[in-house]
Amino acid sequence: MPAACESVLEDIEDIVSAEDLKPHDRQFVRRHVFPKVRKRNSQKNIQTDDEPSSDSVIPGVQKIWIRTWGCSHNNSDGEYMAGQLAAYGYKITDNSAEADLWLLNSCTVKNPAEDHFRNSIKKAQEGKKKVVLAGCVPQAQPRQEYLKGLSIIGVQQIDRVVEVVEETIKGHSVRLLGQKKDNGKRLGGARLDLPKIRKNPLIEIISINTGCLNACTYCKTKHARGDLASYPIEELVDRAKQSFQEGVCEIWLTSEDTGAYGRDIGTDLPTLLWKLVEVIPEGAMLRLGMTNPPYILEHLEEMAKILNHPRVYAFLHIPVQSASDSVLMDMKREYCVADFKQVVDFLKEKVPGITIATDIICGFPGETDEDFQETMKLVELYRFPSLFINQFYPRPGTPAAKMPQVPAAVKKQRTKDLSQLFHSYNPYDHKVGERQRVLVTEESFDSNYYVAHNPFYEQVLVPKDPLLMGKMVEVNIYEAGKHFMKGQPVSDARVHTASISRPLAKGEISGLTEEFRRSAQNGTNGKAEPSAEIPVKTRLSSWMALQLPWQQEGGGLKILSVSLALLAVLVMFYYGGMKTEL
């Protein structure tokens with residue numbers, strides 16, 4: 001158990017086991033809990049240089065499998081949790097069967113996503129795995145029956161994932177669901193400089209704010225993420241700089257509504273973007289996340305200038321959800337169809353070639369055939385190259401769930417009709433023969449190509465040449481499909497390497513200081529599993545000394561308090577001895 005266990009037990013919630021004190025007893029003694037070492041009488045139970053058993057509580061022994069559903073914000077949270085656990089010594093594995101603990105990071109947007117989450121919990125329990133739950137589902141409804149007795153880490157508590165995992169491995173049920181606050185003001189969440197393991201070492205996902213200013217009647221995410229809380233500009237810029245120093249060549253800005261950024265801290269999205277553009281190296285790109293129409297309207301001029309910048313993708317995701325004003329009113333979307341059209345028309349005029357992606361919900365309560373036909377006309381008008389079509393699912397606890405529902409067969413048919421319309425046109429056919437500049441960042445799902453994106457964030461498949469990965473190259477477009485183009489690199493074109501340093505290896509931890517790296521190397525031989533060459537007692541001492549920087553808040557004060565207490569005891573004994581002599 002690490003030396004930090006006093007601070008762990010000081011405020012961790014709902015630790016449940018038969019041996020634990022009752023709540024009223026624990027309230028009295030919670031500030032006086034110290035780590036206790038069990039003595040073993042049997043010589044055969046003493047471990048020295050051998051590897052600890054799989055049920056040991058020594059950090060770094062257990063293997064953890066992490067599964068994330070949902071948006072890029074959720075994926076960023078998952079990367080941060082993986083980084084902290086790996087930095088602390090746990091082994092992150094892709095093999096769920098060999099894992100000792102499953103960390104399930106959920107999404108609450110639609111019923112199918114929660115169903116997958118629930119099924120994974122059941123599978124973990126059947127496999128006798130320890131389970132920690134994260135994400136929006138348990139944050140929004142922690143008292144659901146199928147969550148009983150399971151550990152939960154809230155969306156704003158991901159910097160404490162190590163504590164929750166440790167207690168869960170020991171057999172406790174732990175729940176941390178509080179909000180981050182500073183002088184009573186809600187913060188954007190956990191610190192941005194935490195260690196993380198990027199799913200793709202070339203792409204950094206930065207959450208610029210959490211929550212939103214809306215109260216959409218169908219949205220469950222609001223119950224989990226809450227009201228708008230933005231990160232300061234300087235912290236976001238610092239995170240971007242660090243990412244580029246670690247070999248990242250593409251940054252995604254994400255949140256529940258990027259357009260609302262800064263309204264709670266006296267700034268705005270364009271101000272942030274201009275600061276970020278200053279630190280983007282040549283050959284790297286910035287992609288903006290989703291923004292709702294109301295909060296982009298007042299910044300259209302500045303946003304057009306930013307989206308024309310050569311290091312910013314001319315791409316914007318603006319969900320319309322419906323082209324019927326009456327449906328939008330029932331959704332409480334706080335804009336009308338004319339507002340959406342104004343944003344799209346302005347940006348199409350000022351940012352030639354821009355990609356506008358949007359979302360549509362089919363079968364929202366009260367949607368008539370006439371309402372749906374208005375939505376079909378909107379799609380026909382703009383022929384969105386990227387369209388996210390969602391059949392309406394009533395989410396428990398939302399106002400929309402209590403409204404009169406559209407029959408399931410009607411919802412299904414409308415979803416089918418809109419999908420057929422979307423697939424009736426090919427947005428990229430006219431681009432065959434073009435010469436485009438693309439940034440190569442990942443591998444295709446079928447592993448046959450590398451995936452790149454042109455300045456409009458349109459997907460371009462290129463040959464699997466390892467020399468292209470992480471590079472910005474020019475290609476000739478020779479084929480187009482519904483969702484992609486195919487390009488052949490131009491032999492005489494200049495290749496841009498964005499990274500100012502070598503990209504991290506897949507699975508390598510981002511954000512560790514050199515001091516911590518050296519300490520971890522000395523304490524664990526640079527591996528997740530404790531080294532067999534170092535006695536267990538030594539390894540324990542090493543881990544106890546190796547508190548992570550983000551877990552040391554208040555540590556100096558505790559050391560000072562203990563030192564003063566020891567000094568008082570020494571003084572008392574000293575004067576007591578003098579009185580005895582007298």
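Brief remarks follow.
- Filter result for I360 (assigned to a strand (DSSP E or B), crowded, with 20+ Cβ neighbours inside 10 Å and modelled with pLDDT of 95 or more): yes
- Among residues that are surrounded by 15 or more Cβ atoms within 10 Å (Cβ to Cβ), hydroxyl-bearing (S, T, Y) and assigned to a helix (DSSP H, G or I), T375 is included.
- Within the range 395-417, residues that are more than 12 Å from T368 (Cα to Cα) have Cβ atoms under 7 Å from residues that are surrounded by fewer than 16 Cβ atoms within 10 Å (Cβ to Cβ) and of a type in the set (G, A, S) in these pairs: R395/A401, counting only partners at least 6 apart in sequence or on another chain.
- Pairs where the first residue, in the range 368-382, is closer than 12 Å to D417 by Cα and the second is of a type in the set (D, E), C-beta under 9 Å, 6+ apart: F372/D417; T375/E367; M376/D417
- Residue within the range 308-326 that is farther than 27 Å from C219 by Cβ, among the charged types (D, E, K, R) and under 23 Å from the mean Cα position of the chain (by Cα) present: no
- Residue tally, condition free of Cβ contacts under 8 Å to residues at least 60 places away in the same chain, farther than 18 Å from L85 by Cβ and among the polar types (S, T, N, Q), over the range 157-185: 2
- Residue-level check: of (1) of a type outside the set (S, T, Y); (2) open to solvent by less than 30 Å² (accessible area, probe 1.4 Å); (3) under 20 Å from T210 (Cα atoms); (4) touching a Gly at 6+ places or on another chain (Cβ under 8 Å), W252 misses just (2).
- D100 being touching a strand residue (DSSP E or B) at 6+ places or on another chain (Cβ under 7 Å) and of a type in the set (D, E, K, R): yes
- Selection within the range 213-246 - in a strand (DSSP E or B) and open to solvent by less than 20 Å² (accessible area, probe 1.4 Å): A229, S230
- Just one residue in the set V277, V337, V343 is open to solvent by less than 30 Å² (accessible area, probe 1.4 Å) and within 27 Å of the chain's Cα centre (by Cα); that residue is V277.
- Entirely in the range 286-355, the helices (runs of 4 or more DSSP H) that have 1 or more residues that are within 18 Å of F388 (Cα to Cα) and of a type in the set (A, V, I, L, M, F, W, C): 325-331, 337-350
- Any hit, the range 294-311, residues being at pLDDT below 95 and of a type in the set (A, V, I, L, M): yes
- The lone criterion from (1) open to solvent by less than 20 Å² (accessible area, probe 1.4 Å); (2) over 14 Å from the mean Cα position of the chain (by Cα); (3) modelled with pLDDT under 85; (4) among the hydrophobic types (A, V, I, L, M, F, W, C) left unmet by A190 is number (2).
- Any chance I169 is open to solvent by less than 10 Å² (accessible area, probe 1.4 Å), farther than 20 Å from C219 by Cα, aliphatic (A, V, I, L, M) and at pLDDT 90 or above: no
- Verdict on N200 being in a loop (DSSP other than H, G, I, E, B), out of contact with any Pro (no Cβ under 6 Å at 6 or more places or on another chain) and buried (at least 17 other Cβ atoms within 10 Å of the Cβ): no
- Residue satisfying condition, being in a loop (DSSP other than H, G, I, E, B) and surrounded by 16 or more Cβ atoms within 10 Å (Cβ to Cβ), within set V137, V164, V132, V109: V109
- Just so you know, in the range 133-166 the residues that are more than 21 Å from K196 (Cβ to Cβ) and of a type in the set (A, V, I, L, M, F, W, C) include one that is modelled with the highest pLDDT, and it is L150.
The values are calculated or read from the model by the stated rules, or taken from the named source; none is laboratory data. All values reported here derive from a predicted model rather than from experimental measurement. Positions of Cβ are backbone-derived with ideal geometry, glycine not excepted, and every protein chain shown enters the neighbour counts. When the accessible area is computed, the model is the full protein with side chains, heavy atoms only, and any ligands, DNA or RNA have been set aside. Shrake-Rupley method; radii C 1.70, N 1.55, O 1.52, S 1.80 Å.
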